[in-house]
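Below is one structure, written out as structure tokens; comments come after it.
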Amino acid sequence: VYGSNIRDYCERMAESLWPGPLTLVVNASDNVPPAFRSGDGTIALRVPDSTVTLDLIESLGSPIATTSANIHGRGAVANGDDLDPEVMRLVPMVLNGGEIVGGLPSTIVSCTGDIPKVLRVGSITEEQIMSFVE
């Protein structure tokens, strides 16, 4: 629905690793409003393994468009209690879902080319990502 021209390896990753610590960058479909697309026409999609987040999405009846809970270039946050005070000042509310299992950020993978390109290694290794390429 939100991606177009999805590669087979990308579909296999999503089926196998979602919900989980994997962010997939794909070409945005026409269903994605321009404000939610990057400059190159892509969108990053994630289905986290978080009951709190998945329940919120289900209750809203729509996906959530958001960014990470940290300031770009600063360390990842594994628990709401560790949020940077700057972030806390920028938002009206924090929904603390508890400790992130494993404590590592999601692995970000670009799925716009013939093979996946790991943009950030997190909980899932590059070797694991490349195992989805046939």
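Quick look at the values:
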read-out	value
Condition check for THR112: assigned to a loop (DSSP other than H, G, I, E, B) and either more than 17 Å from the chain's Cα centre (by Cα) or exposed (fewer than 12 other Cβ atoms within 10 Å of the Cβ) (or both)	no
Selection count, segment 1-12, where residues are over 14 Å from the mean Cα position of the chain (by Cα) and open to solvent by 30 Å² or more (accessible area, probe 1.4 Å)	8
Filter pass, THR107 being within 17 Å of PRO48 (Cα to Cα) and either open to solvent by 70 Å² or more (accessible area, probe 1.4 Å) or among the acidic types (Asp, Glu) (or both)	no
Residue list for segment 23-36, filter: open to solvent by less than 90 Å² (accessible area, probe 1.4 Å) and either at positive phi or not polar (S, T, N, Q) (or both)	LEU24, VAL25, VAL26, ALA28, VAL32, PRO33
Residue in segment 69-91 that is assigned to a loop (DSSP other than H, G, I, E, B) and closer than 28 Å to GLU134 by Cβ present	no
Candidates VAL26, VAL1 - the one that is outside any helix (DSSP H, G or I) and modelled with pLDDT under 95	VAL1
Among the residues listed as GLU58, GLU15, the single one being loosely packed, with under 14 Cβ neighbours inside 10 Å, under 15 Å from the mean Cα position of the chain (by Cα) and not in a loop (DSSP other than H, G, I, E, B)	GLU15
Which listed residue is assigned to a loop (DSSP other than H, G, I, E, B), out of contact with any helix residue (DSSP H, G or I) (no Cβ under 9 Å at 6 or more places or on another chain) and crowded, with 18+ Cβ neighbours inside 10 Å, from GLY39, GLY20	GLY20
Every pair of residues 6+ apart whose Cβ atoms lie under 9 Å, when the first sits in segment 63-80 and is open to solvent by 70 Å² or more (accessible area, probe 1.4 Å) while the second is hydroxyl-bearing (Ser, Thr, Tyr) and not in a loop (DSSP other than H, G, I, E, B)	ILE64/THR53
Yes/no for VAL52 being surrounded by fewer than 16 Cβ atoms within 10 Å (Cβ to Cβ) and β-branched (Val, Ile, Thr)	yes
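Condition check ((1) aromatic (Phe, Trp, Tyr); (2) surrounded by 14 or more Cβ atoms within 10 Å (Cβ to Cβ); (3) in a helix (DSSP H, G or I)) across all residues:
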position: GLY98; (1), (2), (3): no, no, no
position: LEU119; (1), (2), (3): no, no, no
position: SER123; (1), (2), (3): no, yes, no
position: PHE132; (1), (2), (3): yes, yes, no
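The values are calculated or read from the model by the stated rules, or taken from the named source; none is laboratory data. Source: prediction; values computed, not measured. All Cβ positions, even for glycine, are placed from backbone atoms using ideal geometry, and neighbour counts span all protein chains on display. Side chains are part of the model used for accessible areas, which takes the heavy atoms of the whole protein and leaves out ligands, DNA and RNA. Shrake-Rupley method; radii C 1.70, N 1.55, O 1.52, S 1.80 Å.
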